[in-house]
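Below is one structure, written out as structure tokens; the observations come after it.
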Amino acid sequence: MNIYFDNAATTPIENEVIEVMLSVMKDKYGNPSSIHRFGRETKVLIEDARKKIATILNASPSEIFFTSGGTESNNTVIYGAINDLGIKNIITSPIEHHAITHTLDMFEKIGLVKVHFAKINEKGQIDLLNLEELIKSNPNSLVTLMHANNEIGNLLPINDVSRLCSKYKVLFHSDMVQTIGKFDINLNNIEVDFVSSSAHKYHGPKGIGFLYINGKNKIKPLIYGGGQERNMRAGTENIYGIAGMAKALEIATTNMVDIQTHIKKLKLYAVSQLKANIKHIQFNGESENNGLYTIINFSVPKTNNSEMLLYNLDIEGVAISSGSACSSGSNSASHVLKAINISNEFTSLRISFCKYSTFDEIDVFINLLKRLL
Ligand SMILES: Cc1ncc(COP(=O)(O)O)c(C=O)c1O
């Protein structure tokens, strides 16, 4: 039996999405920048996808820019804020994805920006008073905080943060890679300047995503070349990816309530079974009963057996993750778990579900875990 519980790392592509992508690959090959009929055809396809995505998120199509995914979207915002918007201070948290933290490190090292970390508590929740202090003392800054953490599933109180940013007139970027496609997100109701998204987290293809740039902000591209994406992102467009991403987001949002209900039940069941069967288990961040409904992160005391746990689970056909799988399969201690003081005396695991996950799979996984520990 193969069990895939690593959906926060990536999700399998939906069949209907594959069909849309295949039909584009077979029938549409014009370069969208070409003036002739073949080019116009693929241009229309791109603009239809943009409209669809914008409508779902209640944004304007002119605010959606296609990129290669979450990493590029995050880099574009940071680069643009520093280069084009005169940002000298960036306020963030210690538990952001490396697509933010490593980018900020690089810009700080070359002296272009000063990075300030808002405090978080041992549950990974942001200290809003401390955030306000940081914003107050750095008036011309960018706040970048992820909507949901990919390791421990914590959810940012995004409306509180956006209100703070508006109150002090600082820019607000949110990495919504883990939440777009999983919640009903209305960008017209959240005061946010930039949002990053990635299709492979909601059963779309890899290597495609988008950046939302609120119409009132103007930044320059990260990648220069042709004038694609209204001069915001050069390079011939990934037309299959774009069409597939729009379809994936449409499916995810059309069936959202049913999918959410199913996965929330799975999570409740998994937490109760883990508590009942695994001795000395502790849940990390908000993942036991709050946070993102797809993620559970937990620790067990280290034993000789737990060191090899991920490999042994893999041999038995179960794929899960330690911390974040987004960092090239590295198994070093996660910066997120370190930031919330999870001791090295524990082995920490993340399981993450999608709509295809089942109760039977949870039973198999927990029995196996019990046996392997
Ligand atoms: C929160 C978060 N941000 C950014 C990324 C990077 O996105 P991508 O893989 O599309 O570059 C990921 C995962 O890969 C993520 O979970």
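The values are calculated or read from the model by the stated rules, or taken from the named source; none is laboratory data. Just so you know, these numbers come straight off a predicted model, no measurement behind them. Note: ideal-geometry Cβ built from the backbone for every residue, glycine included; neighbour counts use all protein chains shown.
Residues that are more than 8 Å from the ligand (Cβ to nearest atom) and either within 13 Å of the chain's Cα centre (by Cα) or among the acidic types (Asp, Glu) (or both) within the range 193-202 comprise Asp193, Val195, Ser197, Tyr202, listed in sequence order. Of all residues in the range 1-24, those that are over 16 Å from Ile263 (Cα atoms) and small (Gly, Ala, Ser) have Cβ atoms under 7 Å from Cβ atoms of residues that are at pLDDT below 95 and in a loop (DSSP other than H, G, I, E, B), 6 or more apart or on another chain, in Ala9/Ala325; Ala9/Cys326. I'd like the full set of residues that are of a type in the set (A, V, I, L, M, F, W, C) and within 16 Å of the ligand (Cβ to nearest atom), limited to the range 123-142. Within the range 123-142, Ile126 is the sole residue that qualifies.
Scanning the range 140-155 for residues being at negative phi, buried (at least 21 other Cβ atoms within 10 Å of the Cβ) and part of a loop (DSSP other than H, G, I, E, B) gives a total of 8. If you filter the range 1-57 down to residues that are of a type in the set (S, T, N, Q) and closer than 16 Å to Ile208 by Cβ, you find that the one that is farthest from the chain's Cα centre (by Cα) is Thr42. So which residues in the range 233-266 are in a loop (DSSP other than H, G, I, E, B), hydrophobic (A, V, I, L, M, F, W, C) and closer than 20 Å to Tyr356 by Cβ? Passing the criteria: none in range.
In the set Ile251, Ile259, Ile239, Ile190, only one residue is β-branched (Val, Ile, Thr), more than 23 Å from Gly153 (Cα to Cα) and more than 14 Å from the ligand (Cβ to nearest atom); that residue is Ile239. Assessment of the range 164-174 against the conditions (outside any strand (DSSP E or B), touching a residue at least 40 places away in the same chain (Cβ under 8 Å) and within 14 Å of the ligand (Cβ to nearest atom)) yields no matching residue. Residues that are part of a loop (DSSP other than H, G, I, E, B) and in contact with a strand residue (DSSP E or B) (Cβ under 6 Å, 6 or more places away or on another chain) within the range 207-232 comprise just one, Met232.
In the condition set (1) in the same structural domain as Thr101 (by TED's automatic domain parsing); (2) without any contact (Cβ under 8 Å) to a residue 24 or more places away in the chain; (3) not hydrophobic (A, V, I, L, M, F, W, C), Asn289 is compliant with all but (1).
Listed here are the residues, each with its yes/no results for (1) under 28 Å from Ser348 (Cα atoms); (2) more than 19 Å from the chain's Cα centre (by Cα); (3) assigned by TED's automatic domain parsing to the domain that holds Ser62.
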residue: His97; (1), (2), (3): yes, no, yes
residue: Asp105; (1), (2), (3): yes, yes, yes
residue: Lys109; (1), (2), (3): no, yes, yes
residue: Ile158; (1), (2), (3): yes, no, yes
residue: His173; (1), (2), (3): no, no, yes
residue: Ile185; (1), (2), (3): no, no, yes
residue: Asn189; (1), (2), (3): no, yes, yes
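If you go through the range 175-187 and keep only what is assigned to a loop (DSSP other than H, G, I, E, B) and either within 13 Å of the ligand (Cβ to nearest atom) or out of contact with any Leu (no Cβ under 9 Å at 6 or more places or on another chain) (or both), you end up with Met176, Val177, Gln178, Thr179, Gly181, Lys182, Asp184. The residues of the range 53-90 that are surrounded by fewer than 23 Cβ atoms within 10 Å (Cβ to Cβ), in contact with a Ser or Thr (Cβ under 9 Å, 6 or more places away or on another chain) and more than 30 Å from Thr254 (Cβ to Cβ), listed by number, are Asn75, Tyr79, Ile87, Lys88, Asn89. For the range 1-28, the set of residues classified as closer than 21 Å to Lys247 by Cβ and within 16 Å of the ligand (Cβ to nearest atom) consists of Asn7, Thr10, Thr11, Pro12, Ile13, Val17, listed by residue number.
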